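Contents: one structure, followed by commentary.
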Amino acid sequence: MDSCRDIDALMTPVADNEAAAADRARVEGHLRECASCHRQMHAEREARQLVLERAATLVGHAPLGLRARCAATRAQAAPAARPRLPLLSRAGWPMALAATLVLAVAGAAFYSLVINPSKAVAAQLTLDHLKCFSLFEEPAGLSPAEVQAALKARHGIDIVLPAGPEASGLTLVGGRRCLYLDGSVAHLLYRKGATRVSLFVLPTGAKLSQTDVDVLGHSAVAFTRGGRTWVVLARAPHAEMKAMASAFGAVAN
Amino acid sequence: MDPAAFEQDALALVDRLFAAALRLTRNEADAQDLVQDTYLRAFRSSGQFEAGTNLRGWMFTILHNTFLNQRRDRGRSPIDADSEAVEQAPDDRQAAANPEELLLRETMDADLQAALNGLPEAYREAVWLRDVEQFSYEEIAGIAGVPIGTVMSRISRGRRALYDDLVTRSGDYARRAGAGDESRARRV
Ligand SMILES: [Zn+2]
Ligand SMILES: [Zn+2]
């Protein structure tokens, strides 16, 4: 008679009705003699049957909007839309150069300039903004130190959150890592009264071109701070967008 | 393959990929990120996909690899310590004493989901790919990047552990139902 060990390796194909006839006969012969293997086979068949029967229920439906967000990644994946350092257009160069000069002259630890994100980027960020506010807003608010520590510990995103926004009526209500190009965008959620405000911190090296900014009724304003690009996004008039960007540490030029 | 056709066929799998992602991450927000990231990678490498071959297997392979990458990026252990310990331990579990009296088909969906979530990751994935997605052993070996023998052993261990968990849950309900309900209590 086969050992229980030999039979164990054949149990799954037999339970799945995929074993050769000779193997099936060996297993069935053993199961008649061995109560322990018989119980194992019973357990395996019962669990298999249950999951098979419930497969459709278990799969269910993806959340609303996920399909659209997945479809949107196709544009993001197109070669033209994903240079390694995204979208620093020719028009953007003088700005970057000017910023470098400002840095050199002022000798400051960080420099800022206001630039406008491209429409494609703004569209992605707007969809993410809508998703994250619907799923991840913490009504009780969060402490900046807590969010900063969590981003570093959980996602390796090492950023210093701006200190100013509370004074301007902006309350921190969420912080997470979201997807943008190769991943790793810090997404900070703020509330200013009824207005939902997102602050995205792009990976080091990611820059934006200058184009239109209004997408789906939302506006985006970008600035650089500490060597990274920060984007403020909200459904608010342009003057208010600029004011919020200043509160987050942008220096208008 | 025509990009529009590829997109349409790939997007038709979103429910299935999300369900599998939810089983891997056990968290809705992470599952959404995982699926979105999976599509991004799939569209990026769509040129490598040959029309007429197994798109579902290809997408699930990307899902599996993306999951491992995301977990690594988030600083979690690349190996599910849980699974490894179980895999190396002898399978000396004792099946329930009177299994034929238990009616697993009465298991509630929520209990089944919880029991699946309680499985070690490698078993959870193998059982899901086999019994929900009905991939062949060879396909699962390709998706998870492990030998076929390991696939079969994971399916087997996973199903048995699932059964044990469900039996325990069912026993708990019967006990809670109390002495007043004899028909239910007798099944324990
Ligand atoms: Zn035996
Ligand atoms: Zn987000």
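Counting pairs of alpha carbon atoms under 8 Å apart in space and at least six apart in sequence, what relative contact order in percent does region B:105-158 give?
Numbers: 33 pairs, mean separation 20.0, N = 54.
Normalised by residue count, the contact order of region B:105-158 is 37 percent.
At a probe size of 1.4 Å, how large is the accessible area of B:SER153, to the nearest 10 Å²?
Using a 1.4 Å probe on the heavy atoms, I get roughly 40 Å².
For a quick check: with amide H placed at 1.01 Å from N, whose amide H comes under 5 Å from A:ARG225's, ignoring anything fewer than 5 positions away on the same chain?
Amide H neighbours of A:ARG225, under 5 Å, 5+ apart: A:TRP230.
Which ³J(HN,Hα) values, rounded to whole Hz and listed in residue order, are derived for region B:133-138 from phi using the Karplus coefficients 6.51, -1.76 and 1.60 in 6.51 cos²θ - 1.76 cosθ + 1.60 with θ = phi - 60°, glycine and proline given as x?
With coefficients 6.51, -1.76 and 1.60, one gets 8, 6, 6, 6, 4, 4 Hz.
Could you tell me which GluC sites (Glu not before Pro) in region A:1-45 are loop residues by DSSP with no more than 13 other beta carbons within 10 angstrom of their beta carbon? Provide the component values of the computation, followed by the final result.
Working: sites: A:GLU18, A:GLU28, A:GLU33, A:GLU44; in loops: A:GLU18.
Passing both the DSSP loop test and the Cβ count: A:GLU18.
When the Kirkwood radius is taken over all Cα pairs of region A:4-59, what Stokes-Einstein diffusion coefficient follows at 20 °C and 1.002 mPa s, in µm²/s? It would help to have the intermediate numbers written out before the result.
Values: Rh = 11.9 Å.
Rounded, D is 181 µm²/s.
Whole-Hz Karplus ³J(HN,Hα) for region B:147-164, in order, using 6.51 cos²θ - 1.76 cosθ + 1.60 and θ = phi - 60°, x for Gly and Pro?
x, 4, x, 5, 4, 5, 5, 5, 4, 4, 5, x, 5, 5, 5, 4, 4, 4
Which ³J(HN,Hα) values, rounded to whole Hz and listed in residue order, are derived for region A:61-67 from phi using the Karplus coefficients 6.51, -1.76 and 1.60 in 6.51 cos²θ - 1.76 cosθ + 1.60 with θ = phi - 60°, glycine and proline given as x?
Using θ = phi - 60°, the values come out as 10, 5, x, 3, x, 5, 4 Hz.
Once R0 is set to 56 Å, what does the formula 1/(1 + (r/R0)^6) return for the Cβ-Cβ distance between A:ALA22 and B:SER46, expressed as a FRET efficiency to the nearest 0.05?
0.80
Quick one: putting +1 on the C-beta of Lys and Arg, -1 on the C-beta of Asp and Glu, what dipole do you get for region B:1-71 around its Cα centre, in Debye to the nearest 20?
Roughly 280 debye, rounded to the nearest 20.
At a threshold of 8 angstrom on Cα-Cα distance, excluding pairs fewer than six apart, so keeping six or more, what relative contact order does region A:4-59 reach in percent?
Normalised by residue count, the contact order of region A:4-59 is 32 percent.
Relative contact order for region B:20-72: what is it in percent, counting Cα pairs under 8 Å that are at least 6 residues apart?
Contact order relative to length: 39 percent.
The values are calculated or read from the model by the stated rules, or taken from the named source; none is laboratory data. Because the structure is a prediction, the values reported are computed rather than measured. Every residue, glycine as well, gets a Cβ built from its backbone with ideal geometry; the counts of neighbours run over all protein chains shown. Keep in mind that these areas ignore ligands, DNA and RNA; they rest on the heavy atoms of the full protein, side chains included. Shrake-Rupley method; radii C 1.70, N 1.55, O 1.52, S 1.80 Å.
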